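Report on the structure given below.
The values are calculated or read from the model by the stated rules, or taken from the named source; none is laboratory data. A quick note: this is a predicted structure, and the numbers were derived from the prediction, not measured. Please note: Cβ atoms are built from the backbone with ideal geometry, for glycine as well, and neighbour counts cover all protein chains shown. All accessible areas refer to the heavy atoms of the entire protein, side chains included, with ligands and DNA or RNA removed. Shrake-Rupley method; radii C 1.70, N 1.55, O 1.52, S 1.80 Å.
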Amino acid sequence: EFVEWFCIASDSANIVFGQKQNFTVVTATSAQTVPMNPNGLNGWFITAPLFTLIRDARANLSFYRFDALPFNTYFGPFLFDINATLGGIERLDFFSNFMTRNETIQNITVKVDVFPPEINNLMPTETMNMLDVQISAIIDDVYQGNSGIDVNTITMEVDNMIVNPNVTIINPLKVKISKNMSLTEGLHLVNVTAKDNAGLFGFRTWNFTID
């Protein structure tokens with residue numbers, strides 16, 4: 001918007017004088033994402049968002065960066081670089097250039113977790129020669145900066161029967177579950193499921209035999 005204003009004054013001799021000034025108001029650069037709002041739980045994106053910078057038509061160039069990385073020149077919509085960061089809580093800085101000056105750096109913070117929990121270290125998986133066994137697994141959200149395991153969503157089934165495992169929190173990304181059970185001879189099936197705090201679902205099924 002172009003704004004023009006006048007300053008008029010008179011001295012003690014009643015002589016009037018004035019001056020005309022003008023300035024331009026520009027719209028600050030903003031950022032939009034696709035999807036527009038986080039599509040996971042607790043404010044997390046569970047797909048890598050696409051960013052578009054919305055800038056004033058009079059801007060020459062726009063620039064952006066994630067956290068403290070070097071600025072990139074903006075040429076059009078860009079994806080969150082999941083291969084470089086593997087997700088987490090990231091700050092997007094951006095600004096535009098107007099002729100002889102740069103606008104103040106703007107920023108938004110996004111939380112991105114696109115990897116579901118992994119369930120590993122399964123025990124037992126081999127043939128056992130005892131009826132009393134401990135069934136266990138590690139549930140891991142893997143990458144530093146991911147949302148972490150929601151322990152309230154963990155389920156364990158043994159032979160299609162729900163059991164309540166012991167849950168040991170190793171760190172915010174990793175928990176161990178275990179259950180001591182007395183079983184009969186034969187083949188036994190274990191199914192474990194869990195979600196992370198972004199709502200991503202992980203599961204694992206395995207079997208073992210008691211002989």
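The magnitude of the dipole of the chain, with charges of +1 and -1 set on the Cβ of Lys/Arg and Asp/Glu and taken from the Cα centre, is near 640 debye. Shown for segment 34-100: the carbon plus sulfur share of the solvent-accessible area, taken with all protein chains present and a 1.4 angstrom probe, equals 61%.
In a shell of Cβ-Cβ distance under 10 Å around Trp44, excluding Trp44 itself, what net charge do Lys and Arg (+1) and Asp and Glu (-1) give? Around Trp44, the surrounding residues sum to -1. All distinct Cα pairs of segment 126-165 go into the 1/r average, and the inverse of that average, the Kirkwood radius, is 13.0 Å.
May I ask you to give the solvent-accessible area per residue for the chain, in square angstrom, as obtained with a 1.4 angstrom probe? Before the final figure, lay out each step's value.
On the way: 12580 Å² over 211 residues.
Heavy-atom SASA per residue in the chain reads 60 Å².
When the chain is treated as a Gaussian network with alpha carbon springs shorter than 10 Å, the biggest mean-square fluctuation among Phe78, Phe115, Phe94 belongs to Phe78.
Label point of Asp159 set 7 angstrom out along Cα-Cβ; within segment 167-211, amide nitrogens under 13 Å from it belong to 181-190, 208-211.
Under the simplified labelling scheme, the Met130-Leu189 pair shows an inter-label distance of 2.7 nm, with each label point 7 Å from Cα along Cα→Cβ.
Surface composition of segment 130-211: carbon plus sulfur atoms contribute 49% of the solvent-accessible area (1.4 Å probe, protein chains only, all chains present).
From the C-alpha gyration tensor of segment 107-191, pull out the three semi-axes of the equivalent ellipsoid (sqrt of 5λ each), sorted largest to smallest, in whole Å.
In descending order, the three semi-axes are 32, 11, 11 Å.
When the Gaussian network model of the chain links Cα atoms closer than 10 Å, the mean-square fluctuations of Asp150, Asp140, Asp81 top out at Asp81.
Net charge near Leu131: determine it from the other residues with C-beta under 11 Å of the C-beta of Leu131, scoring Lys and Arg +1 and Asp and Glu -1. Mind dumping the intermediate values first?
Details: positive: none; negative: Asp132, Glu185, Asp211.
Local charge sum for Leu131: -3.
For mean projected area of the Cα convex hull in nm², the value calculated from this model appears in (1) 11.7; (2) 14.5; (3) 18.1 under label (3).
Once you have the Cα-Cα distance between Ile54 and Ser30, take 0.36 nm times their residue separation minus that, and quote the gain in nm to one decimal. All intermediate terms of the calculation are to be shown ahead of the outcome.
On the way: separation 24, 0.36 × 24 = 8.64 nm, distance 0.51 nm.
That pair, Ile54 and Ser30, stretches by 8.1 nm at full extension.
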